[in-house]
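Shown next, in structure tokens, is the structure this report addresses.
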């Protein structure tokens, strides 16, 4: 896990751990359903950050005979687990609890305490979100935030960004529900706040699960990265063109590359071998990620795009 991603995870972990304790204490003092939903939300987020750290450590293990390409996808797996935890522990619980309180309303005691704790939560979660945004800004370049979240091959930053954004929005919903319940004397507004928080968490969880499923199955490198690889491969007189190429992320910073190359006719084996070694070195030099590279030379006239596997 890169240092800025780890910093964002640790900042979120510290914020949510403290907020979990504060929110549970506030719920015991007030009985507010929205505050209980937020407390469980913070527990889910704290668990999630711990799982992201576990995934980062597991992914750093050296390759083994059983896993020759290493454990880079552990980061995707644990991030997927995070999405499920957020859904089950955070979203579903908040909806169920809010529905129960809507059917059997409970009057809120000392609503000012609940609102004070939630305002503190906005400050802490806002600071955590700021850290995550700062870490992600350096990665997204000129892309929109939505495009970045959908196209990044890194697992932790999208999770932290959406978690922190959901946390801030959830706190606003909780404050709104408790304030309306206090002003109107109708505690069902508080219950509605809990249901709204749960719905928000389920939506975020679904977005994360869809993206992380794609990463677990295996995504190709970005088109601009593939173009840079092709350029590096043919940047030598011995290699005429790339007949076909496949790439796949084995982790956020580890890439598998396979390509079939059309070599100039009349080259002997030693020259071809040296050209392949040089091509691999050029590719590694142009990539920010580690690469496992397999190159197949084609010396005959039959090696053409028509005879290559489909790019679809």
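Measure off 7 Å from each Cα along the Cα-to-Cβ vector at residue 267 and residue 217, then give the distance between these two points in nanometres to one decimal.
Once both label points are built, they end up 3.6 nm from each other.
Using only the Cα atoms of region 223-307, build the gyration tensor, take square roots of its eigenvalues as a ≥ b ≥ c, and label the shape rounded, prolate or oblate: rounded if a/c is under 1.5, else prolate if a/b is larger than b/c, else oblate.
Judged from the Cα gyration tensor, region 223-307 comes out prolate (a/c at least 1.5, a/b above b/c).
Helix 156-184: angle to the longest alpha-carbon principal axis of the chain, degrees 0 to 90, nearest 10?
With both axes taken from Cα atoms, the answer is about 20 degrees.
Rank-order 104-115, 244-255 by packing density, defined as the average count of other C-beta atoms within 10 Å over each peptide's residues, highest first.
The peptides rank, most packed first, as 244-255, 104-115.
Which one of 286, 169, 202 has the biggest mean-square fluctuation once the chain is modelled by GNM with Cα springs under 10 Å?
286
Computed over the Cα atoms, what is the radius of gyration of region 117-170 divided by 2.2 N^0.38 Å, N being its residue count?
1.17
Where does helix 74-85 land angle-wise versus the long Cα axis of the chain, in degrees 0 to 90, nearest 10?
For helix 74-85, the angle is close to 30 degrees.
Report relative contact order for the chain in percent, whole number only (criteria: Cα-Cα under 8 Å, sequence separation at least 6).
20 percent
Classify region 151-219 from the C-alpha gyration tensor, please: rounded if a/c falls under 1.5, else prolate or oblate depending on whether a/b exceeds b/c.
Prolate shape, in that a/c is at least 1.5 and a/b is the bigger ratio.
Bear in mind these aren't lab numbers, they're just calculated from the coordinates by the rules spelled out. From a predicted model like this one, the values you see are computed outputs, not experimental measurements. Cβ atoms come from the backbone with ideal geometry, glycine included; neighbour counts cover every protein chain shown.
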